[in-house]
Amino acid sequence: MLKKVFFLAVALALLALPALAQDAPPRLNVVDYDLCGDFGGVTVTVVGDAGHNLAPYHFWADDFAAMGITIEIIEVPFADVYQVLKTEFVAGSGAFDVVTFYPSYIGDFAGNGYLLPLDDLMAREPASVWDPNMDDVLAPFRELYNKWGGQTYALTIDGDVLVMMYRADLFSNEDEKAAFMEQYGRELRPPETWSEWLEVAEFFTRDAGETLAGEVLTQPFYGTAEFGRRGFSYAWYLNRAASNGVMLFDEQMNPGINSPEAVAALQNMIDTLKFAPPDVLNFGYDELRDAFIGGQLAMVVQWTDVPKKAADPSISRIAGKVGVGRVPGFEVGGEVAHRSMMPVGRVVGVAADSDVPEAAYCVAKHIAYNTSLENVSTSLTGLDPYRMLHLTHPEAFAPLMGQENAEAYLAGLQVALADGYPDLFIPGAAQYQDALDIQVNRALAGEVSAQEALDAVAAAWNEITDRLGRDTQVAFWQQALESYRALGLVK
Amino acid sequence: MRKKKPLYLRIIMGVILMVALIFFLFPVMWMFLTSFKTQDQIFSTPPILIPPAEQWNLDNYVAVMRDNKGLQGVRDTTIVAFSTALISVSIGALAAYSLARFRFGGDEFSFWIISTRMFPPVASAIPLFLIFRQLEILDTHWVLIIANSVFNVPFAVWLLKGFIEDLPVELEEAALIEGASIFGAFWRITLPLITPGLVTAFLFTFVFTWNEFMFALLMTRRAVRPMTVVISSLAGGHTILWAQIAAAGVITIIPGVLVVIFLQRYIVRGLTMGALKN
Amino acid sequence: MFSSSVTRRRVAFAFVLPAFVLLLAISIYPLLRTLGLAFSSLELTVSPAESFVGFDNFAKAFQDVRFWNAMGNTLVLVIVGVAIQLVLGVGLALLLSEIGFTRVVWLTALLLPVMIAPVVSGFQFRVIYNDTFGPLNYLIKTISGGFVTGPPWLADTRTALLTIMMTDVWQWTPFMMLLALAGLESIPVELTEAAEVDGAGYWGAFWRIKIPILLPVIVIGLLIRVMDTFKTFDLVFLLTGGGPGSSTETIAFYTYLNGFRFFSMGYTAAIAFIQLIVIIVIARIFLVVQKRMRGGEIQ
């Protein structure tokens, strides 16, 4: 009985709480902008992954109100966005106006006619109202993640790219440097190449009881860890494969994924696991981040929001000890080619069957425009920079991490983005990725060898291409290659 | 009275129960403790088993219920789960009686009923979505009550059929001879005797619906947001709100516990026996 | 008994009508639609066009290594996992049925796992099993004084599936327990006591009286558990994503990937029907037992 009373009391207490006003960052007023005219009280339905990445719609609530737009937000769990959007699109339910999605699906969504081409709206006069300033958006996002078939279907709101992070304090420790010199006959430095990565990882892997930088370890320390869990292990592999000159497909869409270079890249990743924690094969984003900022790893490849977290002493044991650098590469023809995968990211588009396409566009544009500096520079969202404007305004990030850190962070980001390598974005991308991911993961788990795994990927990819229609898929791929070429990713 | 068991047997029983209790309750305790942790205490080495005393407050509970729409989730899920359980057990009991006592439609009909629960929901989700869209009931409580009932009625029918078949048919026949209608015999004789079955069926259809995720995800948007969807929403791409998920978990077991506490007396020996003796 | 068999049939039909209408109305269209799709190619990622392909999808399934691997993993969970749940559940029910007034507390406590939604428990177990940060291996090490090191539960192909199974056992044993307990409650005390007085002893009474009466309820519980274990998805999705490698990829997870990630609707439908057939076969076997145990019929 007492229990019941207690539960009832808790329930009532929770009910009695007033609703919390949404936080918004202080206005920076760096950017001038004009609003679309008054739409006279239309409702625009926005759908996106639940949580803090929808916060910008609250930041700019006054502007939407000024345009006569009421925003209704549908929140979908992060892991389920695609299936929910796709189901509604297939059913033609017309439930959404502004759609947030991962750019891997642009080929699917634009190709199936779910999205409105934005070029006409973008070109309208006056430009101060309608032009989303696309030239300022960093090229990989603009060219690969916003366009389909030569038209613009989406505007980037979140830039994602992988960077290398390392323990600067360990790499500059005199004892460690000397020991490394003795063991490997060269200077200790953050790895430039994936073979250096292996050596450094081996060097820093220590058991409890051994010393590290003069201190006796109470628990094991590891050289590195990977995203070993199913889902994105393929991206950590493609960092290596892309830098080793592997093309996923040739012009005619014959898989290049089982070439000797591709196998060598996978073997490098397999070998790395010897210098990683024993449960690395179940490391997702969270485990990988916390193992690093908990001070158990010497270096790691991660998304660009992790340096922000590593710099925060309330959650990080290594604040102030972190260096950010380029993801290593393979030496090809005497030169080291660096490639950083750009998995996930977010873009917004306007649903083709929206009743209020102009208002929807104005909402999408307002979230994606220069004004987004305020969205990407606050800890109230998880959005990452994607515009030149973001990279050139460290002062906007200074309140979060200090001017000096902000400058270093943005510089590191710029370098990583210059190495940026896109996720597949042709229709069926998820199938190709999954086929690669499971085989990479099997090779990591020791179920098959690197060669067997990648041969299986090639076979699976051919099966997928045939099933989806080889002719159309080849055409899509050649179109994608155009964009790769425009960016200099392939010759 | 029952004979007392030998001492060794009682000791063994006690030990087994203790082991079982640890096995089944450890994760529950872990969830309870996690619900008082801060985000940076989730992944630490060595793990933090018991959060510091000053953290024993309701911050995570308030956060999930107020800021992250937990209240709406609890409201929607409660409505859906109670309605589904009520509907499933009611029409399930009727059907079960017909199948058990009249062999309605024979074995094949019974089998068809249970087979509707066997089909993988992923395959039927999109056709169902189209039906519900035609009916214009997407994003309402009704859509989830109907969808969940389809999966839970077969369970209720079969479970209750088992319980009814266990009853000696003579009791009902006696009532019928005394002039009761069939429904009267069902209502006054059969139902009271299978109360443990009814309670069990209610509890599990409630729990199945309470825990259901896929339909909850696909068939709702904004007006209705069941708790499982609210909880999944706490796991973002780069931020999993572990403590809030745990707090939501603690809250979501409360209705189930209340159902057990309120209904457990019907699963107790004596009621059944009393009825049998009359 | 009744005035006529017509009345009898009408009453029987009236009783079953609500369930019949609901199930037919909601399940017939998806079933037929999916049946049609199983013989078609419909790749929604590239186009909404549907074309008839005969048995191609089924032929593909029979050659699909991932499909069979997933079937194998699922059958391990179904056969071994559900058997463990059965034994533990009935055992605990027997114990609980011997307990007096404190039983409510025990019952409530032991039922808790079933009440925690898989989306919640999945996140708890992801931390609990974690080798680096989790409490399980930490406690194993601390309690054993450092002599025993727990395995990396979810990160090793040899233990991952067993760990998923253990989690499923944790979640669903209470289900079997409560079903068995409810079944035990409907056994008249006099029956067992009479048997024990006759010199059959506890175990004699257990096998001769309790088990036969429990059997119908147990069979239904088993049937439900087998059907639901075939749908094991949430735990896999949250704990391992099917890995490491392909060691925990279940058929429900693979079906989900085909349906909701690849939107390859023809193949999804085909493998859904293969699953349906497998479950029907298993269910039929169970029901042979169930049939023998059937109770009386109103004549």
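The table for this structure:
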quantity: The range A:149-208 and the range A:422-491: distance between their alpha carbon centers, rounded to Å; calculated: 27
quantity: 5 angstrom amide H check on residue A:246, placed H, neighbours 5+ away; calculated: none
quantity: Convex hull (Cα only) mean projected area of the range C:60-292, reported in nm² to one decimal; calculated: 16.0
quantity: Whole-angstrom Cα spans of the range B:104-219 along principal axes, big to small; calculated: 51, 27, 23
quantity: Antiparallel content of DSSP bridges confined to chain A, in %, to 5; calculated: 65
quantity: Helix-derived mean residue ellipticity, 222 nm - over chain C, DSSP H n ≥ 4, -39500 (n - 2.57), to 500; calculated: -21500 deg cm²/dmol
quantity: Set A:177/A:308; B:37/B:69; C:60/C:231 screened for pairs whose C-alpha atoms are more than 25 Å apart; calculated: A:177/A:308
quantity: Cα-Cα pairs of the protein assembly as shown separated by more than 53 Å (percent); calculated: 21
quantity: Relative contact order of chain C, pairs being alpha-carbon contacts under 8 Å that are 6 or more residues apart, as %; calculated: 28
quantity: Mean-position separation - Cα centroids, the range A:52-76 and the range C:141-185, in angstrom; calculated: 46
quantity: Computed P(r) (all Cα pairs; the range C:83-175; 5 Å bins; percent); calculated: 3, 12, 17, 18, 17, 16, 11, 4, 1, 0
quantity: Bridge type composition, the protein assembly as shown - antiparallel percent by DSSP, nearest 5; calculated: 65
quantity: Relative contact order %, chain A, counting alpha carbon pairs below 8 Å whose residues are six or more apart; calculated: 23
quantity: Shape box of the range B:64-277 [Cα atoms, principal axes, largest first, Å]; calculated: 68, 38, 23
quantity: Estimated [θ] at 222 nm from DSSP helical runs (n ≥ 4, -39500 (n - 2.57)) normalised by residues in chain B, nearest 500; calculated: -21500 deg cm²/dmol
quantity: Interchain or long-range residues, amide H under 5 Å from residue A:342's placed H; calculated: A:421, A:423
quantity: Volume per residue that the Cα convex hull of the range A:306-460 spans, once the total is divided by residue count, Å³; calculated: 193
quantity: Size descriptor, Kirkwood hydrodynamic radius, that averages inverse alpha-carbon separations across the range A:207-350, Å; calculated: 16.9
quantity: Column: log10 I(q)/I(0), Debye, Cα scatterers of the range C:14-109, q = 0.10, 0.14, 0.16 Å⁻¹; calculated: -0.65, -0.89, -0.94
quantity: J(HN,Hα) series, the range A:117-124, from Karplus relation 6.51 cos²θ - 1.76 cosθ + 1.60, nearest Hz, glycine and proline x; calculated: x, 9, 4, 4, 5, 5, 8, 5
quantity: Cα lying deepest toward the dipole's positive end in the range C:60-292, options C:105, C:237, C:259, charges on Cβ; calculated: C:259
quantity: From phi via Karplus (6.51, -1.76, 1.60), per-residue ³J(HN,Hα) for the range B:198-205 in Hz, x at Gly/Pro; calculated: 4, 5, 4, 4, 4, 4, 7, 5
quantity: Selection from C:138, C:123, C:72, by position along the positive dipole direction of the range C:60-292 (Cβ); calculated: C:72
quantity: Mean ellipticity per residue at 222 nm, deg cm²/dmol - from DSSP H runs of n ≥ 4 across chain A, formula -39500 (n - 2.57); calculated: -12500 deg cm²/dmol
quantity: Segment residue C:102-residue C:9, extension gain: residue separation times 0.36 nm, minus the distance between their alpha carbons; calculated: 28.8 nm
quantity: Label-point gap, in nm, between residue A:66 and residue A:411 - each point 7 angstrom along Cα→Cβ; calculated: 3.7
quantity: For chain A, the fraction of alpha-carbon pairs in successive 20 Å shells from zero, as %; calculated: 22, 52, 24, 2
quantity: The range C:63-75 - phi-based ³J(HN,Hα) in whole Hz, Karplus 6.51/-1.76/1.60, Gly and Pro as x; calculated: 9, 7, 4, 5, 4, 5, 4, 5, 4, x, 4, 5, 5
quantity: Test item: Cα-centred dipole of the protein assembly as shown, Lys/Arg +1 and Asp/Glu -1 on Cβ, debye; calculated: 5220
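A short reminder: the numbers here are calculations on the coordinates, not readings from a lab. Note that the structure is a prediction, hence the values are computed from the model and not measured. Note that we place each Cβ from the backbone using ideal geometry, even for glycine, and neighbour counts take in every protein chain shown.
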